[in-house]
1. Quick one: which of Asp84, Asp19 is more than 16 Å from the ligand (Cβ to nearest atom), loosely packed, with under 15 Cβ neighbours inside 10 Å and of a type in the set (Asp, Glu)?
2. I'd like to check which strands (runs of 3 or more DSSP E) are fully inside region 109-168 and have at least 3 residues that are farther than 18 Å from Asp76 by Cβ and under 13 Å from the mean Cα position of the chain (by Cα).
3. Looking only at region 106-130, which residues are surrounded by fewer than 19 Cβ atoms within 10 Å (Cβ to Cβ), among the hydrophobic types (A, V, I, L, M, F, W, C) and within 21 Å of Val175 (Cα to Cα)?
4. Which condition number in (1) over 20 Å from Gly173 (Cα atoms); (2) more than 12 Å from the ligand (Cβ to nearest atom); (3) in contact with a Lys or Arg (Cβ under 9 Å, 6 or more places away or on another chain); (4) not in a loop (DSSP other than H, G, I, E, B) is the one that Glu103 fails?
5. Does Val14 satisfy the criteria of being in contact with a strand residue (DSSP E or B) (Cβ under 8 Å, 6 or more places away or on another chain) and away from the ligand (no atom under 12 Å from the Cβ)?
6. Is there a residue in region 84-100 that is touching a helix residue (DSSP H, G or I) at 6+ places or on another chain (Cβ under 9 Å) and part of a loop (DSSP other than H, G, I, E, B)?
7. Please tell me if Glu13 is closer than 30 Å to Gly109 by Cα, among the acidic types (Asp, Glu) and surrounded by 15 or more Cβ atoms within 10 Å (Cβ to Cβ).
8. Could you please let me know if His51 is under 20 Å from Val175 (Cβ atoms), of a type outside the set (A, V, I, L, M), out of contact with any Cys (no Cβ under 9 Å at 6 or more places or on another chain) and within 11 Å of the ligand (Cβ to nearest atom)?
Amino acid sequence: MSSSLNRGVEKVEVTLKWDPSPLGRPPHDLDIVAATYTADTPSDRPAYLVHFDSRSPDGTIILERESRTGQGFGSDEVMTLELDRLSSDYVRVVVGVVIQQREGRRTFGDISGSSVRVLEGLAELTTSDFTEVAAATAATIAEFSRNESETWDFRPSVRGFDADPQEFTEQMGAV
Ligand SMILES: [Ca+2]
């Protein structure tokens, strides 16, 4: 995991892909979500969120690519997190994936071909194909926390939630 010795995790990329829904069916829309926390932030109220319609105020966490359908080649959604540039006020970042529930309840088991990867450079920090959370509608994937030496620790954290996107953003800090 931490081959980087004391350097800590500096810049990571989260990539997500999934297969489009079958022809004639409502689209499947998955979203990468990042929640940031300060030392004072309660875990149910992130300092700020980054997802398809919300940006980080300082540009350190960016959703580079988004999809509402899963169509196309390669990664459907990509988020970059420059943890080493994050203001020292922020001590924790949780990243997850949530399925939009506009067309009725969808779980990871309903979405084919879905997978998420967390990379630092070419090194894969964690990956999941969501089979362990097949009954969930959202899942946390990774947690980053600032340690005493002011660098960032990484912890894989695949945990399923039965929550819509709004509820998930209020619950994901509890991992
Ligand atoms: Ca999306």
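Rule-based calculations on the coordinates, nothing more; no lab input. Note that the coordinates shown come from a computational prediction; the quantities given were computed from them, not determined experimentally. Ideal geometry is used to build each Cβ from the backbone, glycine not excepted, and the neighbour counts take in all protein chains shown.
1. From the options Asp84, Asp19, the qualifying one is Asp84.
2. So the answer is 138-146, 152-161.
3. Leu119
4. The one condition Glu103 does not meet is (4).
5. Considered against the rule, which asks whether it is in contact with a strand residue (DSSP E or B) (Cβ under 8 Å, 6 or more places away or on another chain) and away from the ligand (no atom under 12 Å from the Cβ), Val14 comes out as yes.
6. Yes, some residue in region 84-100 is touching a helix residue (DSSP H, G or I) at 6+ places or on another chain (Cβ under 9 Å) and part of a loop (DSSP other than H, G, I, E, B).
7. Taking the combined requirement at face value, the residue satisfies it.
8. yes
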